[in-house]
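The values are calculated or read from the model by the stated rules, or taken from the named source; none is laboratory data. Worth saying up front: this structure is predicted, and the values here are computed from it rather than measured. Here the Cβ is made from the backbone with ideal geometry for all residues, glycine too, and neighbour counts use every protein chain on show. Just the protein is used for accessible areas: all its heavy atoms, side chains included, with ligands, DNA and RNA removed. Shrake-Rupley method; radii C 1.70, N 1.55, O 1.52, S 1.80 Å.
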Amino acid sequence: MTNGTATTADLDVRLEKHRTELTGYCYRMLGSSFEAEDAVQDTLVRAWRSYDKFEGRSSLRSWLYRIATNVCLDMLTAGNKRARPMDLTESTPLAQAALSPRPDNTWLEPMPDARVLPTTDDPAEAAIAKESVRLAFMAALQQLPPKQRAVLILREVLAWKASEVAELLGTSVASVNSALQRARATLAERDGQGAGAVVSDPLDEEQQKLLERYVAAFEGYDMTALTALLAEDAVMTMPPFDLWLTGHQDITGFMTTLGAPCAGSRLLPVQVNGLPGFAQYKPDPEKGGFTPWAVQVLEISEGRITGFHCFLDTQRWFPLFGLPLHLEAEADQVEEGA
């Protein structure tokens, strides 16, 4: 099953080296961490089984992307569009705040950078890759029909030529260019809907200090200090709940009422969706120490935190990030495992 040119082990190695970039592609297509990893596994299994039919007219990489695209398009036929809370409902005033969960497949899911961003020595390429997995851009992609989504990702993010995309999709260059134009127009309409995160790579000194102040304010549960770090129109979301809050007054008000059990939490840094983030552990009154509560993703712009997104399904997210499911009381730091 190796086309006479490689051993099974060689083929496994050749396929495996594409896993991270394929996971990034499938994640952008599907908006789900776990569906993306399932799609890539399906892609690699299909490639392994049919490798003896691979004639080498395109590169192995292009062939894998063709398989992955078909897998994703099949998975998207149900028409489900993953979303952020602000894509589904209006902002809720704190006085009316209620925690109403929606099913898991409603939500755009977080993803560790290490699983979707291949290593590169090109700073411009790295910056584009990070920008293309940020929550606002991912949410915008979800508004596109599946084939437009594939065209936009392949052309704008991965810098494929129109002719290469046309060959992959089995269509014409004119059709690819038309799909790209429509996709760009849809994304342009969404500009300003939470797309303003501006994060240096690596973080500049001002951003690093902002994060240090954020950790001190959150771990100390100092709402005055936290208010000074939040933009006036900052947004807080908490999937799987559809509630979202706008403005530092409502955010800090929530944290001291419904969110009061988070006082005394510990934060460990994570790299998530091309943005700075933290694994939040809150005090565990039963076992002592700290128990997982949320993966926080922070959006930053002009020296303030503009987005504060807490993903609460910790039994799913913490293992994905290689994080422990318990912190001992004396452990102030644990190295991130992902």
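Given R0 = 30 Å, the distance between the Cβ atoms of residue 90 and residue 260 translates into a calculated FRET efficiency of 0.75.
Of the beta bridges in the range 207-338, as assigned by DSSP with both residues counted there, near 85 percent are antiparallel. For the chain, the solvent-accessible area with a 1.4 angstrom probe is 47 square angstrom per residue. Measuring with a 1.4 angstrom probe and ignoring ligands and nucleic acids, residue 74 comes out at about 90 Å² accessible. Here each label is just a point 7 Å from Cα along the line to Cβ, and for residue 125 and residue 77 those points are 3.5 nm apart. Largest first and in whole Å, the equivalent-ellipsoid semi-axes of the range 51-141 read 35, 20, 10, each the square root of five times a Cα gyration tensor eigenvalue. Treating the angle as unsigned and between 0 and 90°, give the value, to the nearest 10°, between the Cα long axis of helix 19-30 and the longest Cα principal axis of the chain. It is inclined by approximately 70 degrees. Cβ-Cβ distance of residue 14 and residue 50, R₀ of 22 Å, FRET efficiency by 1/(1 + (r/R0)^6): the value works out to about 0.95. To the nearest 10 degrees, how steep is helix 60-75 against the longest Cα principal axis of the chain, on a 0 to 90 scale? The angle comes out at about 60 degrees. A straight line joining the Cα centroids of the range 37-75 and the range 252-301 runs 39 Å.
Kirkwood hydrodynamic radius computed over the chain comes to 21.3 Å, based on all pairs of distinct alpha carbons. The P(r) of the range 54-210 has a tail past 24 Å containing 45 percent of all C-alpha pairs. For the range 103-131, backbone nitrogen atoms closer than 14 Å to the point 7 Å from residue 190 Cα along Cα-to-C-beta are found at 107-109.
Using r as the Cβ-Cβ distance of residue 328 and residue 58, and R0 as 51 Å, what FRET efficiency do you calculate, to the nearest 0.05? Plugging the Cβ-Cβ distance into 1/(1 + (r/R0)^6) gives 0.45. Just so you know, the averaged projected area of the alpha carbon convex hull for the range 195-327 sits at 7.8 nm².
For the range 1-120, the share of accessible area belonging to carbon and sulfur comes to 49 percent (1.4 Å probe, ligands and nucleic acids excluded). Which of the three applies to the range 235-289, rounded, prolate or oblate, going by the alpha-carbon gyration tensor with a ≥ b ≥ c and a/c under 1.5 meaning rounded? In terms of gyration-tensor shape, oblate.
Counting 0.36 nm for each residue step from residue 208 to residue 304 and taking away their Cα separation leaves a gain of 33.4 nm. Which entries of 130/209; 209/282; 17/147; 130/287; 17/53 show an alpha-carbon separation above 29 angstrom in the structure shown? Listed pairs above 29 Å: 130/287.
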